[in-house]
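Report on one structure; see the data block that follows.
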Amino acid sequence: MAGGKMKKDKQKGPRAPSNHYQGGVTFHKSKGQHILKNPLLVDAIVQKAGIKPTDTILEIGPGTGNLTKKLLEAGKMVIAVELDPRMVLELQRRFQGTPFSNCLKVIQGDVLKTDLPYFDICVANIPYQISSPLTFKLLFHQPAFRCAIIMFQREFAMRLVAQPGDNLYCRLSVNTQFYARVSHLLKVGKNNFRPPPKVDSSVVRIEPRKPRPEVNHKEWDGFIRICFIRKNKTLGSIFKQKNVLSLLEKNYKTLQALQGSQNVSLSGNDDMEIARLGDESMEMDDGMDDDMDMECDEAEGEGEVSEFKNKVISVLKEGKFEEQRASKLSQESFLTLLSMFNKAGVNLIENVKASVEFYTVNAKEGLSFNGRRKCILKEFITKHNVPNHVPDELVECSSQDDEVPKKPNVKSKETKMN
């Protein structure tokens, strides 16, 4: 063109391969599919795992098999759990006809819904959205394994290893470290993955404690939930909240009733309503204080202070916990406080309600009142190891004693247990 520069036509060459592809397989970020592409990092993970030649290894989310290959070289057997059928085919195709084909077992399915077989070590690069439920599924797996080497999102990993007084110390930290020894192994930048995630990652080692702590797991989790309602508030302030006191008092009264020291109503209404404290997933909190729909108003200035409230506060004062904060307490301190509450008769057991409802339904169907009461007491006491003074004949009762002739024994809803 006159008086100007001539435009050069750009020749369109072959398009560079996208980072979202490998071997013809498309990776979906929305499903947490981020494949390790750095061979040095793969070698480091295998080395940190301390795999023995006789070990059976569980790999979660094997993808296209970059890590799987190294695990097969190090151990005796690899059991790979993969949800995506495309990845399963890719994995089988990669090792078909190789010496490792007989050492690899692939399970297609959701790892959270799969009954896991026996394994010695778990090595996993997992979708970050299942981090918390998977962690606790592994911690409660039986028989216990030796250790797990897992890639987590950096912030989640830091919460797992946080210590009392750290900003990231939370319910997740307490619950995980209560059941396992947790240590941080490696920092992993996002560019080590294909496609790269939005955040950096960390590799964490988890070793289940042996023997497992002998506590009621539901009660422990419920207790920790209450303590972390506002982790930077004093425990004295938390346990004076209306809803907390109401919750604990209902548990206390129900437990006393089941032990025969109080009357039990068959109405099935508010008198026996127990708020749920535990959750099997023990899911990760977001770093903020839990609210649990609890009111922050303290039960002050509303008539006389209840006898039960005095009991709770006296326990806190006796152990010098009233001015302590959950964010600063160690596991030993939490265990001490829970033990003191139990000795005072303050229990945080979710299944009290279920036991009462079980009794109510069967009593209305015409089963023996006394027989049902005995068996509920037996089941409850055995399951929760409740301190009690129940006569031997109650503990030794049999479900065969429950059956009675056609007419129901319960004449009205107002029938008492005494």
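What follows draws every value from the coordinates through simple rules; no lab data is involved. What you are looking at is a predicted structure, and each value in this text was computed from that prediction instead of being measured. Ideal geometry is used to build each Cβ from the backbone, glycine not excepted, and the neighbour counts take in all protein chains shown.
What the phi angles of segment 120-130 give under the Karplus curve with 6.51, -1.76 and 1.60, with θ = phi - 60°, is a coupling list of 8, 9, 10, 10, 8, 10, 9, x, 5, 6, 10 Hz, glycine and proline written as x. Be a star and scan segment 183-226 for residues whose amide nitrogen sits under 18 Å from the point 7 Å along the Cα-to-Cβ vector of Lys52. Output list for this probe position: 206-211. Of the trypsin sites (Lys or Arg not before Pro) found in segment 91-154, the ones in coil according to DSSP and having at most 10 other Cβ atoms within 10 Å of their Cβ are Lys113.
Per-residue 3J(HN,Hα) values for segment 45-56, derived from phi via the Karplus relation 6.51 cos²θ - 1.76 cosθ + 1.60 with θ = phi - 60°, read 5, 5, 5, 5, 6, x, 6, 9, x, 9, 7, 9 Hz in sequence order (x marks Gly and Pro). Of the cross-linked pairs Lys218/Lys309; Lys137/Lys311; Lys70/Lys187; Lys69/Lys210; Lys218/Lys242; Lys113/Lys343, which ones have a Cα-Cα span greater than 28 Å in the structure shown? Beyond 28 Å: Lys137/Lys311; Lys69/Lys210; Lys113/Lys343. Scalar couplings 3J(HN,Hα) for segment 177-194, obtained by applying the Karplus form with A = 6.51, B = -1.76, C = 1.60 to θ = phi - 60°, are 6, 5, 9, 7, 8, 10, 9, 8, 9, 9, 9, 10, x, 5, 6, 7, 10, 10 Hz; x denotes Gly and Pro.
For the pair Gln142 and Ser101, label points projected 7 Å from Cα toward Cβ lie 3.9 nm apart. Residues whose amide H lies under 5 Å from that of Cys122, counting only those 5 or more places away or on a different chain, are Leu58, Cys147, Ala148, Ile149; hydrogens are built 1.01 Å from N in the peptide plane. Restricting the chymotrypsin sites (Phe, Trp or Tyr not before Pro) of segment 34-136 to loop positions (DSSP other than H, G, I, E, B) with no more than 11 neighbouring Cβ atoms within 10 Å leaves Tyr118.
Peptides 54-60, 82-88, 211-217 ordered by packing proxy, namely the average of other Cβ atoms within 10 Å per residue, highest first: 54-60, 82-88, 211-217.
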